[in-house]
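A short write-up of the structure that comes next.
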Amino acid sequence: MAGKEDLKLLGLLVSPFVIRVRMALSMKGLNYEYVEEDIFNKSELLIKLNPVHKKVPVLIHNGKPICESLVIVQYVDELFAGRAILPTDPYERATALFWAAYIEDKLSPAWIGILKAKAEEERAEKVKETLAAIEHVEVAFAKCSNGNAFFGGDSIGYFDIVLGSFLFWFEALRRMYGLEIINTSKTPLLAAWAERFRGSVEAKEVVPEADKAVQYANKLHAATAAAVKLVSSE
Amino acid sequence: MAGGDEMKLLGMWASPFVLRVKLALSFKGLSYEYVEEDIVRGKSELLLKSNPVHNKVPVLIHNGKPVCESLIILQYIDEAFAGTGPSLLPSDPYERAVARFWAAYIDDKMLAAWMQASRGKTEEDKAEGKKQWSVAVETLEGALRDCGKGKPFFGGDSVGYVDVVLGGLLGWVHANEEAFGIRSLDPQRTPLLVAWSERFGALETVEPLMPDVSRLVELGKMVLAREAAAAAGASN
């Protein structure tokens with residue numbers, strides 16, 4: 001679509017879900033206004049535009065909000081011409097969507113659960129779940145990539161964005177807990193893919209340093225501890 | 001249907017996810033071979049082979065290639081058979097995004113609440129689930145009011161994606177009260193949803209596909225009894 005689009009993105013620099021959207025917008029060559037939200041003090045605009053979830057990312061296009069990272073990425077792909085993010089063949093799309101759903105339903109809650117765990121036992125359980133899930137993804141990569149550099153082929157596509165957006169958080173978890181989710185011995189294909197993803201132009205533009213994620217995690221833990229103290233002191 | 005298209009649906013009579021696919025295929029006027037899986041006695045080789053990651057129904061096998069996950073199957077059917085029958089998803093990209101948002105909401109929030117309310121490990125758990133279920137139902141009432149704009153269906157004048165996604169759950173919505181003590185749709189609190197559920201359920205395409213609610217109630221009670229027995233056995 002020619003001409004300037006009225007695009008605004010409400011986001012958080014360390015949110016992988018926001019990063020997915022930023023990569024998609026960048027792949028389409030689109031300019032947008034970026035607004036960093038303070039998750040501990042959400043803006044009225046965010047609450048108004050995403051009343052159901054009150055979460056980032058929210059893409060506002062010509063004044064109309066679109067929520068949920070995967071929905072936004074598909075929206076951007078369908079509406080704007082240029083590089084295809086999802087495959088064009090219906091069966092290949094279904095395969096890409098299947099693995100994205102797997103990431104969202106199985107992998108995502110597991111690794112986020114490592115961060116949120118309130119006790120060692122819980123954390124150990126979540127680590128187990130994460131490692132089990134990533135094994136499935138390694139098998140998927142073997143099948144779907146067909147020897148190509150990325151899931152969809154020789155350039156970054158939908159599934160690469162969906163999983164790739166987590167990589168800097170996986171590094172953060174390694175620094176915090178000594179945990180290697182993707183490693184060269186257990187998941188060699190993913191390890192090689194991760195190198196390529198991290199080195200790509202698309203990723204370098206929007207993926208932050210793992211340290212930023214560590215800092216954010218510490219802030220979250222501090223806030224939770226403070227809340228717990230508050231509750232237990234009542 | 002185009003010549004040479006072979007479609008097989010692996011399903012289970014009580015599954016709301018399988019029902020969604022049956023509804024979609026029916027609305028599009030597509031024929032297929034249906035295979036009832038015996039989940040209790042043992043899943044078929046074909047199911048295990050076609051869905052190695054989840055081992056779950058529904059699986060749609062189109063010309064030998066399996067598609068899994070009900071929402072993905074729905075979108076696949078819509079795209080692969082774009083020329084056949086009505087479209088499930090709207091043609092406008094923004095409206096498609098809204099439809100996908102609500103489908104995701106139904107699967108992430110509504111279903112999670114239902115699971116917690118019916119199968120929660122403690123009474124407290126179940127009570128919380130029932131609360132969340134009420135929130136979800138009221139949120140959907142709001143969606144129908146705001147997005148529906150007085151039209152008979154989520155999809156507008158005719159059935160669309162969200163109608164099928166939610167419609168698949170209707171049998172269980174009716175069975176929930178008796179099976180799990182989860183309140184049915186209340187015409188005072190969610191009048192639009194109640195009207196929608198009656199309208200949808202009465203459609204010629206839909207009515208014959210709906211499962212027998214009393215059978216669902218029986219199944220629900222049996223599942224709870226089995227879990228209680230397992231829990232009692234485990235604590236000995």
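The values are calculated or read from the model by the stated rules, or taken from the named source; none is laboratory data. All values derive from a computational prediction rather than experimental measurement. Don't worry about glycine lacking a Cβ; one is built from the backbone with ideal geometry, like all the others, and counts go over all protein chains shown. Note: areas computed on protein heavy atoms with side chains; ligands, DNA, RNA excluded. Shrake-Rupley method; radii C 1.70, N 1.55, O 1.52, S 1.80 Å.
Candidates B:Ala117, B:Ala143: the one that is assigned to a helix (DSSP H, G or I), within 14 Å of chain A (Cβ to nearest Cβ) and either touching a helix residue (DSSP H, G or I) at 6+ places or on another chain (Cβ under 9 Å) or hydroxyl-bearing (Ser, Thr, Tyr) (or both) is B:Ala143. Of the residues making up region B:90-105, just one is under 16 Å from the mean Cα position of the chain (by Cα) and surrounded by fewer than 21 Cβ atoms within 10 Å (Cβ to Cβ), namely B:Ala104.
Within region B:120-140, if we keep just the residues that are within 14 Å of chain A (Cβ to nearest Cβ) and out of contact with any Ser or Thr (no Cβ under 9 Å at 6 or more places or on another chain), the residue that is surrounded by the most Cβ atoms within 10 Å (Cβ to Cβ) turns out to be B:Ala136.
Is it the case, given these coordinates, that A:Ser155 is touching a Leu at 6+ places or on another chain (Cβ under 9 Å) and more than 14 Å from every other protein chain (Cβ to nearest Cβ)? Quick ask: steps written out before the conclusion?
Numbers: touching a Leu at 6+ places or on another chain (Cβ under 9 Å): no; more than 14 Å from every other protein chain (Cβ to nearest Cβ): yes.
When the stated conditions are applied, A:Ser155 does not pass them.
Residue count for region A:89-119, restricted to those that are β-branched (Val, Ile, Thr) and open to solvent by 10 Å² or more (accessible area, probe 1.4 Å): 2.
Of all residues in region B:53-92, those satisfying the criterion of being facing another protein chain (nearest Cβ under 8 Å) and either acidic (Asp, Glu) or in a loop (DSSP other than H, G, I, E, B) (or both) are B:Val53, B:Glu69, B:Glu79.
Note on region B:186-223: among residues that are over 15 Å from the mean Cα position of the chain (by Cα) and of a type in the set (Ser, Thr, Tyr), the one that is farthest from B:Asn176 (Cα to Cα) is B:Thr205.
In region B:169-186, the qualifying residues are those that are touching a residue at least 24 places away in the same chain (Cβ under 8 Å) and over 19 Å from B:Gly120 (Cβ atoms), and the one that is most open to solvent (accessible area, probe 1.4 Å) is B:His174.
Only a single item in (1) touching a residue at least 12 places away in the same chain (Cβ under 8 Å); (2) more than 24 Å from B:Gln132 (Cα to Cα); (3) in contact with a Lys or Arg (Cβ under 9 Å, 6 or more places away or on another chain) is not met by B:Ala231, and it is number (1). The conditions are (1) crowded, with 18+ Cβ neighbours inside 10 Å; (2) facing chain B (nearest Cβ under 9 Å), and A:Leu86 fails exactly one of them. Which is it? Condition (2) is where A:Leu86 drops out.
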